[in-house]
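*Asks:* Dumping the structure here so I can ask a few things about it.
The values are calculated or read from the model by the stated rules, or taken from the named source; none is laboratory data. Values in this document were obtained by computation on a predicted structure and should not be read as measured data. Every residue, glycine among them, receives a Cβ derived from its backbone with ideal geometry; neighbour counts consider all protein chains shown. The protein model used for the area step is the full one, side chains on, heavy atoms only, and it has no ligands, DNA or RNA in it. Shrake-Rupley method; radii C 1.70, N 1.55, O 1.52, S 1.80 Å.
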Amino acid sequence: MSKTDNYLGSKRLDDIARMVTELASEVWILRDRNMVLEHLLAEKGALDPEVLEQLHPEGELRERIQTERTEFVQRVFGAVLDQDSRVEAALERR
């Protein structure tokens, strides 16, 4: 295959497939990690689900969440960029 070949018959479909794949990967990583963390915390009696549900992040935690959200959006929606732009963006995140 050459650089211009499309896997799904359309460049836009390839872009959307990359975006969906990136989202699915991110979602699974988060679900897996949350299940493990919640299990470990519950085993130790350190997790109160009500406190978790009522938490409103502030300060450093809030800033970290905002930064992570921005990077997430860039990765997911950056999936529709051409390959060179995706590689460049990935290298900038390092």
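*Asks:* With runs of 4+ DSSP H residues as the only contributors, calculate the mean residue ellipticity of the chain at 222 nm using -39,500 (n - 2.57) per run, divided by the residue total and rounded to the nearest 500.
*Replies:* Numbers: 4 runs with 69 residues, N = 94.
Roughly -24500 deg cm²/dmol at 222 nm, from the helical runs in the chain.
*Asks:* Over the chain, what relative contact order in percent results from Cα pairs under 8 Å that are six or more residues apart? All intermediate terms of the calculation are to be shown ahead of the outcome.
*Replies:* Details: 26 pairs, mean separation 43.8, N = 94.
For the chain, the relative contact order is 47 percent.
*Asks:* Select from Ala90, Ser10, Gln74 the residue farthest towards the positive end of the dipole of the chain; place +1 on Cβ of Lys and Arg, -1 on Cβ of Asp and Glu, and compute about the Cα centre.
*Replies:* Ser10
*Asks:* If you don't mind, there's one more thing I want to ask. Which residues' amide hydrogens lie under 5 Å from the amide hydrogen of Asn6, considering only partners 5 or more residues apart or on another chain, with H built in the peptide plane?
*Replies:* When sequence neighbours closer than 5 places are left aside, there are no close amide H contacts.
*Asks:* Hey, could you get me the Stokes-Einstein D for the chain, Kirkwood radius over alpha-carbon pairs, 25 °C and 0.890 mPa s, rounded to whole µm² s⁻¹?
*Replies:* Answer from the Stokes-Einstein relation: 151 µm²/s.
*Asks:* With each pseudo-label sitting 7 Å past Cα toward Cβ, what's the Gln54-Arg33 distance in nm, one decimal?
*Replies:* 2.7
*Asks:* Between Phe72 and Glu92, what is 0.36 nm times their sequence separation minus the Cα-Cα distance? Round to one decimal in nm.
*Replies:* Fully extending the segment from Phe72 to Glu92 adds 5.8 nm.
*Asks:* With +1 on each Lys and Arg Cβ and -1 on each Asp and Glu Cβ, and nothing else charged, work out how big the dipole of the chain is about its Cα centre, in Debye to the nearest 20.
*Replies:* Details: 14 positive and 20 negative charges, 79 e Å.
So the dipole magnitude of the chain works out to roughly 380 debye.
*Asks:* Where only protein heavy atoms count, and the probe is 1.4 Å, what is the accessible area per residue for the chain in Å²?
*Replies:* The answer is 87 Å² per residue.
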